[in-house]
Every structure is written in C-alpha cells, then in structure tokens.
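The values are calculated or read from the model by the stated rules, or taken from the named source; none is laboratory data. Everything quoted here is computed from the prediction, not taken from an experiment. Positions of Cβ are backbone-derived with ideal geometry, glycine not excepted, and every protein chain shown enters the neighbour counts. Accessible surface areas use protein heavy atoms only, side chains included; no ligands, DNA or RNA. Shrake-Rupley method; radii C 1.70, N 1.55, O 1.52, S 1.80 Å.
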Amino acid sequence: MSNSKTVTCSFTMDRDIYNAYKSIVAGNGENVKGNLVRYMMNVIRYGIPNADTIEAIEEVQKLKRDPHKKTYGSFAELVGDLDNE
C-alpha cells in the first residue's frame, strides 16, 4: 500500500562519484540515504547558501586543515592581538 506522504527517489549517477561519496559518508558513521535526507532538511531549514556563504565555509575548512594557523584561547586574547598590530 502506498503512503501519500512519501516519495521514492531514483536517479542515475557516476559510480566513482557515488562510491567516493558513500566512502566519506560511511566514514562519518552515516549511510547515503540518511545523509541525503539530512542534507535536504538543512536546505529547507536554512535555504541554499549564497556564493559569499559558500566562500566563507570553504575558507573555514581550509583554515581547519592548516596545522600552522594561529589560535586563541578567548575573544579577549584575539582582540588584544589585533590591538598589537
């Protein structure tokens, strides 16, 4: 019996892209379906990020990967460092 509040999604995509995505998702303890549903809910909740937001997110991800980045223990420490420039 069909539930009118659900939909079955089916699409075709490149196997290598799917496998790479699945590997990353599984490495974070998720499955593809659950991850895609969560992503869709976030798009609905927050809207699609604009180009500035995407650029800012990419900048933060780059900084997180940088082992030589400067970090601060408090906001006051950050402001003090700015005052010293």
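For the reader, a short list of remarks on this structure follows.
- Residue 13 accessible area, 1.4 Å probe, all protein chains in place, Å² to nearest 10: 90 Å²
- Full extension of the chain segment joining residue 85 with residue 7 gains 22.4 nm, where the gain is 0.36 nm per residue of separation less the Cα-Cα distance.
- Coil-residue trypsin sites (Lys or Arg not before Pro) of region 7-80, DSSP, other Cβ within 10 Å capped at 13: 69, 70
- Alpha carbon Rg of the chain, scaled by the compact-globule rule 2.2 N^0.38 Å: 1.67
- Average accessible surface area per residue within the chain, 1.4 Å rolling probe, Å²: 96 Å²
- Using alpha-carbon coordinates, inclination of helix 15-27 to the longest axis of the chain, degrees: 60 degrees
- For region 29-40, the Karplus equation 6.51 cos²θ - 1.76 cosθ + 1.60, evaluated at θ = phi - 60°, returns couplings of x, 10, 10, 4, 4, x, 5, 5, 5, 4, 4, 4 Hz by residue, with Gly and Pro reported as x.
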